[in-house]
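The values are calculated or read from the model by the stated rules, or taken from the named source; none is laboratory data. Since the model is a prediction, treat every value here as computed from it, not as a measurement. All Cβ positions, glycine included, derive from the backbone under ideal geometry; neighbour counts span all protein chains shown. These area figures cover heavy atoms from the full protein model, side chains too; ligands, DNA and RNA do not enter into them. Shrake-Rupley method; radii C 1.70, N 1.55, O 1.52, S 1.80 Å.
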Amino acid sequence: MQQSRTIITVITAWLLILMPMGGRSQETGDRSRESGVESQGYELRKEHDSLYWLRATGGSQDQAAMRGEAGRKAGGWRLPYPVYQFQTGDVDGDGSMDAMVGVIKATRYWPLGRRLFIFKQIDGTGRTGKPVKKVRPLWLGSKLGGTLEDFRYMAPAEGDSMGRIRALESTADSLYAVSDYKWGGFGMKFDRLIIKGVDRETALRRFYDQKTAPRYLTDK
């Protein structure tokens, strides 16, 4: 009898320990599914680690009237990949904001997988016939130059109407390079080399340094 009471006590104690943990886990999961990042007319919303939705925000009667899942997906673009970076800026120089999303998606010839996708907003019609802003691809790149590690948007230099995308890239010799790319009409094209053949720490300093934007590697 004493042994039975001991077993029941132990089981009850474990249940009291485990139940709050389950509750916290569920609450964390709900917050994760509802989490989103909004920037300059775009919202990147995470459903789970390998599924995101990129949608336009503001100015849409149809989207503003929607709530929950339908609102998140209205006119949006499904990204069934892990995301490592999200930036906004005018990539193609047309005066409107674009969204740059870094996704992890391996290809047959590029198994390392970090890629850059660029999106624009276009005018469309929603399910109710009201106007919506739709997100559509501008460029779904497989690679830039070297192995892409990270990127950031650089505002246009003085006298230029077009911004640049600065890329931190690794090379086959386990060193790093930092390069700038500009929109070339059908995709990103190489613009200038900032630094190459350096360790990661040195490359990161140049990657984040605004002062290097107008300089070429050969500049004195």
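Here is how the numbers come out for the structure above:
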{"item": "Spread of Cα-to-Cα distances over 5 Å intervals beginning at zero, given as percent, for the range 94-210", "result": "2, 10, 19, 20, 18, 13, 8, 5, 3, 2, 1, 0"}
{"item": "In nm, spacing of pseudo-spin labels at LYS130 and PHE186 (7 Å Cα→C-beta vector)", "result": "4.0 nm"}
{"item": "Loop trypsin sites (Lys or Arg not before Pro), the range 126-198 (other Cβ atoms within 10 Å of the site Cβ: 14 or fewer; DSSP)", "result": "ARG127"}
{"item": "LEU175, LEU168, LEU144, reordered so the largest accessible area comes first (probe 1.4 Å)", "result": "LEU175, LEU144, LEU168"}
{"item": "Across LYS105/LYS196; LYS46/LYS143; LYS134/LYS182; LYS46/LYS105; LYS143/LYS189, pairs whose alpha-carbon gap is larger than 19 Å", "result": "LYS105/LYS196; LYS46/LYS143; LYS134/LYS182"}
